Amino acid sequence: MNVKICGIRAAEEALCAVQNGAKAIGFVFADSKRKIDPKKSRAIIDKLPEDVWKVGVFVNETKERIEEIVRISGINVIQLHGDESSEFAASFQLPVIKAFSIKGEEDLAAIADFQSDYILLDSARERYFGGNGKAFDWNIVKDYDFKGKKVILAGGLNKENVRSASNMVNPFMLDVSSGVETDGKKDLQKIESFLGEAIPTY
């Protein structure tokens, strides 16, 4: 199973994730307790293998600012986690992940025609757009036809539920942040344990 460890703020966190099989590393550039400076993320990204996804997370940011951060940081995938339009998502040259907050089945209707390379299914918004550590009801998407779109599952994932989540939803990728933290900070042991559970499920 492909896994993204999101909300990385230190090189040791990113390297631990990659060494244990993570395919993607996420850097949050939006208002969040996990927000990172683009120059600091560049210092981390420069230490990572080329084939790892370096994902920048943005919320209702301007195109100009996103492209500036792409240049500074070296990210190679853009994640839009706000109210961005399909046209906005399609305007970038880099691959785009578009996040959707899922409360009920009615929230899936907007996904089919959205122009993005990947879709991310997350729990309902609270203070921040994502990273709330709560899962939505996976039964909502269990048998849903996403018309060939590659699905990334996020929201409330942890070592204990990752296998059942993977088996129920069968996503392209799993995305975890708070599920590998202790007291709001990335926990290297939890990163290693989560990846140990998640990757063999594929």
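All of the numbers you see were taken from the coordinates with simple rules; none came from a lab. As the structure is a computational prediction, the values presented were derived from the model and not from experiment. Heads up, the Cβs are rebuilt from the backbone with ideal geometry, glycines too, and the neighbour counts pull from every protein chain shown.
Dividing the C-alpha radius of gyration of segment 163-202 by 2.2 N^0.38 Å, with N its residue count, gives 1.21. When peptides 9-16, 102-109 are sorted by average Cβ neighbour count within 10 Å, with the highest value leading, the order is 9-16, 102-109.
With both bridge residues required to lie in the chain, what share of the DSSP beta bridges run antiparallel, to the nearest 5%? The answer is about 5 percent antiparallel.
Extension gain for residue 86 to residue 183 (0.36 nm times residue separation, less C-alpha to C-alpha distance): 31.3 nm. Mean residue ellipticity, 222 nm, helices only, the chain: the sum of -39500 (n - 2.57) across DSSP H runs of n ≥ 4, divided by residue count and rounded to 500, is -7000 deg cm²/dmol. A Förster radius of 35 Å, combined with the Cβ-Cβ distance separating residue 43 from residue 105, puts the computed FRET efficiency at roughly 0.25.
Of 153, 188, 121, the residue with the greatest mean-square motion in the GNM of the chain, using alpha carbon springs below 10 Å, is 188.
Between residue 10 and residue 35, what length in nm is gained on full extension when 0.36 nm per residue of separation is reduced by their alpha carbon distance? Before the final figure, lay out each step's value.
Values: separation 25, 0.36 × 25 = 9.00 nm, distance 1.15 nm.
Separation in residues times 0.36 nm, less the Cα-Cα distance, equals 7.9 nm.
Net charge around residue 184, counting only other residues with Cβ within less than 12 Å of its Cβ (Lys, Arg = +1; Asp, Glu = -1)? Neighbourhood net charge equals +2. Peptides 38-45, 144-151, 21-28 ordered by packing proxy, namely the average of other Cβ atoms within 10 Å per residue, highest first: 21-28, 38-45, 144-151. Counting every other Cβ atom within 10 Å of each residue's Cβ, 192, 64, 181 order from fewest to most as 64, 192, 181.
Each peptide in 82-90, 70-78 was scored by the mean count of other Cβ atoms within 10 Å over its residues; highest first, the order is 70-78, 82-90. Simple point charges give the picture: +1 on the Cβ of Lys and Arg, -1 on the Cβ of Asp and Glu, and for the chain a dipole about the Cα centre of about 500 debye.
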